Amino acid sequence: MGDHGERDDVAAFLKFLNALPGPRTHEVPPAEARTMMAAMRDVADAPVGELAVNRIIEIPGPAGPMKAQIFDIMENRGPGPVMVFYHGGGFVIGDLFVYEPYCAEAARQLQLPVISIDYRLAPEHPFPAATDDCEAATRWIAESPPELGFQVTGLITSGDSAGGNLTIVTTMALRDKPAAVPVILQHPIYPVVSDHGDWQSVRDYSEGHLLTKDMMDWFTRQYAADMTDYRGAPLLFDQSGMPPSVVTTASLDPLRDQGLAYVEALKNAGVKVQHVSADGNIHGHINLRKGIPSSQADIDNYMQAVKAMLSEVTA
């Protein structure tokens, strides 16, 4: 373990990351920040690996067609649930390419189709464009359109960071106005659920742990969410009637305490929830399996928890 309770490989990766020359994400224009995140995939993430299906489709969105990517270990599949994945990146960066390795891994481990959504990004498309896209895409998938090639019987919503917010608010929207099939489980990963105000984890990890306070403030300015709206700050709104949930946090993450508060909100609302912590790991680790090899074990733990809860839900 490193000085701050980091695992050895986390400490080594942070040393490498913090020594990199050049500007940081929040110091360049959004287009350049997106390129930087995409470049990190080849340096720090695992290969995509083998799949029977890995293809891009088009989904009708509120502002025109958007892309989505389907991952599946089976060429032909009978009726069953599907995971809909909303990527992270502060609502500003991130895309299908960046999250391809993780989505492929989730498809292999869950043995289910995973569909990653390429929603519109800020600042070109500020709040609530991302939430509108994710809700529309998820409702479309629930209808089992022929483009999917299989019958959807239930939805698993998932995403990390900003995508964790999109997971929760999409699930809330479908709770209040159901889609063609229900959301049977949600899996937000180190989610954003409120403003980045007075959280102890922000004070403890505002610098040097990949996601910094400066980056969070930059994302917040670009996305310009309304924190009085459930889509901006879902933590402040009623969680009763939400599906069984697996919520994951990382102990060295400025967003950790938001995730923990969300777990408590679900418990207080009577929702079945399991919390899985990546102790000694940082924000963003689902995309860092090469840079932080122990992250594979964290992903394995998340997938085990999701599979166990799914087997209860679908029993």
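The values are calculated or read from the model by the stated rules, or taken from the named source; none is laboratory data. Computed from a predicted structure; not experimentally measured. As a convention, Cβ positions derive from the backbone with ideal geometry for all residues, glycine included, and neighbour counts pool all protein chains shown.
With respect to being buried (at least 17 other Cβ atoms within 10 Å of the Cβ), more than 17 Å from the chain's Cα centre (by Cα) and not in a loop (DSSP other than H, G, I, E, B), residue 115 falls outside the description.
The criterion of at least 3 residues that are under 18 Å from the mean Cα position of the chain (by Cα) is met, among helices (runs of 4 or more DSSP H) falling completely within segment 199-315, by 213-223, 256-268, 295-314. Given the condition closer than 18 Å to residue 234 by Cα and in contact with a Lys or Arg (Cβ under 8 Å, 6 or more places away or on another chain), answer yes or no: does some residue in segment 179-186 qualify? Yes, because at least one residue in segment 179-186 is closer than 18 Å to residue 234 by Cα and in contact with a Lys or Arg (Cβ under 8 Å, 6 or more places away or on another chain). Among the residues of segment 167-203, those that are closer than 16 Å to residue 259 by Cβ, touching a residue at least 12 places away in the same chain (Cβ under 8 Å) and either surrounded by fewer than 18 Cβ atoms within 10 Å (Cβ to Cβ) or basic (Lys, Arg) (or both) comprise 195, 196, 200. Restricting the first member to segment 24-36 and to residues that are basic (Lys, Arg), and the second to residues that are outside any helix (DSSP H, G or I), the beta-carbon pairs closer than 9 Å and six or more apart or on different chains are 24/212; 34/89; 34/92; 34/93; 34/94; 34/95; 34/121. Here are some conditions: (1) in contact with a helix residue (DSSP H, G or I) (Cβ under 8 Å, 6 or more places away or on another chain); (2) modelled with pLDDT of 95 or more; (3) of a type in the set (A, V, I, L, M). Residue 1 meets all but one. Which one does it not meet? That leaves (2) as the condition not met. When 93, 56, 70 are checked against the criterion of being surrounded by 15 or more Cβ atoms within 10 Å (Cβ to Cβ) and part of a strand (DSSP E or B), a single residue qualifies: 70.
Which residues, counting only those in segment 27-47, are assigned to a loop (DSSP other than H, G, I, E, B) and under 16 Å from residue 295 (Cβ atoms)? Matches in segment 27-47: 45, 46, 47.
Within segment 8-26, restricting attention to residues that are part of a helix (DSSP H, G or I) and among the hydrophobic types (A, V, I, L, M, F, W, C), the residue that is farthest from residue 283 (Cα to Cα) is 19. Within segment 280-315, if we keep just the residues that are under 20 Å from residue 88 (Cβ atoms) and acidic (Asp, Glu), the residue that is surrounded by the most Cβ atoms within 10 Å (Cβ to Cβ) turns out to be 298.
Quickly run through segment 122-153 and pick out the residues that are buried (at least 21 other Cβ atoms within 10 Å of the Cβ), touching a Lys or Arg at 6+ places or on another chain (Cβ under 8 Å) and under 21 Å from residue 195 (Cβ atoms). Result: 130, 131.
Condition test on residue 164, is it small (Gly, Ala, Ser), part of a strand (DSSP E or B), surrounded by 24 or more Cβ atoms within 10 Å (Cβ to Cβ) and in contact (Cβ under 8 Å) with a residue 24 or more places away in the chain? No.
Screening segment 231-252 for residues that are hydroxyl-bearing (Ser, Thr, Tyr) and in contact with a helix residue (DSSP H, G or I) (Cβ under 6 Å, 6 or more places away or on another chain) and picking the one that is surrounded by the fewest Cβ atoms within 10 Å (Cβ to Cβ) gives 245. Screening residue 172 on (1) more than 20 Å from residue 278 (Cβ to Cβ); (2) part of a loop (DSSP other than H, G, I, E, B); (3) at pLDDT 95 or above shows it passes everything except condition (2). The set of residues in segment 30-73 that are farther than 22 Å from residue 296 by Cβ and either among the acidic types (Asp, Glu) or at pLDDT below 95 (or both) comprises 32, 58.
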